[in-house]
Amino acid sequence: MHVKSNIGIVNALIRITVGFTVLAWSTSKLVKRPWRDSYLVMAMLGGMKVAEGIVRFCPLTALFERGQDMVQEKRGNHNSNDEAVEEILPYNPS
């Protein structure tokens, strides 16, 4: 399976930074209160963001793009923005 990157460099760097921040915060809280499951969930989410940044692939973004492609196919492959504007504003004053 070939994973094509779907996020940019800046987005990846932001995800890595935020992911490491959340991971550090949650593990420090988890050391004090190991019985709290919420800190464990936050640690997993932070680790997931770090992994998304390193791989430069976000499954939610891929799912959204795939859904947009399916909507375009369902609408009949209309790529023109003029037709979309005409659907919203059928009256053209010019």
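What FRET efficiency do you get for E65 and V18 if R0 is 35 Å and r is their Cβ-Cβ distance, rounded to the nearest 0.05? Before the final figure, lay out each step's value.
Working: r = 22 Å, r/R0 = 0.62.
Using R0 = 35 Å, I get an efficiency of 0.95.
For K29, go through the lysines and keep the ones whose alpha-carbon is under 22 Å away, minus same-chain ones fewer than eight residues off.
Straight-line reach from K29, under 22 Å: K49.
Taking +1 at the Cβ of each Lys and Arg and -1 at the Cβ of each Asp and Glu, which of H2, L60, L30 sits farthest along the dipole of region 1-73 towards its positive end, judged by Cα position relative to the Cα centre?
Value: L30.
Coordinate-derived values only; no laboratory data. Remember, predicted model here, so these are calculated numbers, not experimental data. Counting neighbours? That spans all protein chains shown, and the Cβs are built from the backbone with ideal geometry, glycine included.
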